[in-house]
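Derivation of every value follows stated rules applied to the coordinates shown; laboratory data play no part. Quick caveat: nothing in here was measured; it's all calculated off a predicted structure. Cβ: placed from backbone, ideal geometry, glycine included. Neighbour counts: every protein chain shown.
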Amino acid sequence: MIEILQSLRLTLLNTGYAKLGTSWNFDNVISPFTRMYYITKGSAKVYHNDSVYILKPGYIYLIPSFTYARYLCEDYHEQFYISFLEEINNGLSVYNFKGFEYEVKADEKCLYYFERLVHLNAHREIKNSDPKTYDNRPTLLDFIKQNENLTTKEFIETQGILTILLSKFITNNKLQKEVNSSNSNLNQILNYINKNLHLPITIEELASKCHYSPDYFSKLFLQTYGLRPNKYIQSKRIERAQLLLLTTNDSLEEVAQKVGFENVSYFSRSFKKHTEKTPASFRKEQVNI
């Protein structure tokens, strides 16, 4: 386990301080990088991993890469923010290992680390808070290239601060391997599924991305995750649908389309099978959350 973590690489994309109002309102955000916040004033909400996080001063927050998220500020808040890429050898993600919290009370040094990172990486702020303006390949490549402007000392200190801050979110429980490193192709498949739930996804398509036969891919997936691929995909569609029903005013037709169901009738039947509630009744019960 330690040998795997020793290969962890963190690559800073951007960092800065933002004062944000009601325009900080974004849905259907799935980024290939990790986001981290330190809230200093006000309040906002972030929805991800089937939970609602109320952003509040004195706390730090983590949104893992390839995680569907919803961001909402109903009044005003201020935050330090960091975005970075993370990778382990063989294409694994550190999030393939259990043991992360997403909201942690900041200790006395957290503010210093966020401020220091901004100081070391001046002019790395996001110009527009709308993810659509910076969450794209050309912009991300430009962010990565800016690391070349750092001195050796600045680069090493930046890596150290990122590692320290990420460690704040790891629980005291021993990290458990969720996927064997020899099956690292499957890590990329999970990311692909998360990003493409709105599209038809076939076992043949997924297997071909790993250069496996469909039968071998299905057996390996079941062995690794305890679910057959189709059942996993279906469960992820329902999880995404629950979050959309909770956080948007989208119609049932729009929700069904966003999570890859061909029609509302099939969506409703599948949703009820997984949750024992219809989409409409689920939304009605949760509307005050």
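Here the sum of -39500 (n - 2.57) over DSSP H runs of 4 or more residues, divided by the residues of the chain, equals -12500 deg cm²/dmol at 222 nm, to the nearest 500. Taking other residues whose beta carbon is less than 11 angstrom from the beta carbon of residue 19, and scoring Lys, Arg as +1 and Asp, Glu as -1, yields 0. What the Cα atoms of region 1-168 give is an Rg and a Dmax of 15.2, 46 Å.
Values (i) 43, 25, 15; (ii) 32, 25, 17; (iii) 28, 23, 18 are given for comparison; semi-axes √(5λ) of the Cα gyration tensor in Å, derived from the coordinates here, is the one labelled (ii). Would you mind getting me the FRET efficiency between residue 281 and residue 116? Use the beta-carbon distance for r and R0 = 41 Å, nearest 0.05. Efficiency, rounded to the nearest 0.05: 0.25.
Of the trypsin sites (Lys or Arg not before Pro) found in region 107-152, those that fall in a DSSP loop while having at most 15 other beta-carbon atoms within 10 Å are 109, 127.
Partners of residue 153 within straight-line reach, counting lysines whose Cα lies under 22 Å from its Cα and excluding those fewer than 8 residues away in the same chain: 109, 145. Rounded to the nearest 0.05, what FRET efficiency do residue 163 and residue 265 give with R0 = 45 Å and r taken as the Cβ-Cβ distance? Could you check? With a Förster radius of 45 Å, E is 0.35.
Charge dipole of the chain (Cα centre as origin; +1 on each Lys and Arg Cβ, -1 on each Asp and Glu Cβ, all else neutral): 500 debye, rounded to the nearest 20. Neighbours of residue 261, meaning other residues whose beta-carbon lies under 10 angstrom from its beta-carbon, give a summed charge of +1 when Lys and Arg score +1 and Asp and Glu score -1. Going by Cα centres, region 111-171 and region 31-97 are how many Å apart? First find each Cα centre; the distance between them is then 14 Å.
Between the Cα long axis of helix 152-167 and the first principal axis of the chain there is an angle of about 50°, rounded to the nearest 10. Put a dot 7 Å past the Cα of residue 154, heading toward its Cβ, do the same for residue 274, and the two dots end up 4.6 nm apart.
Summarising the label geometry, the points placed 7 Å from Cα in the beta-carbon direction at residue 192 and residue 100 lie 2.1 nm from one another. Sparse packing (at most 14 other Cβ atoms within 10 Å of the Cβ) combined with a DSSP loop state is found for the following GluC sites (Glu not before Pro) in region 48-86: 74.
Relative contact order for region 203-289: 20 percent, from Cα pairs under 8 Å spaced at least 6 residues apart, divided by residue count.
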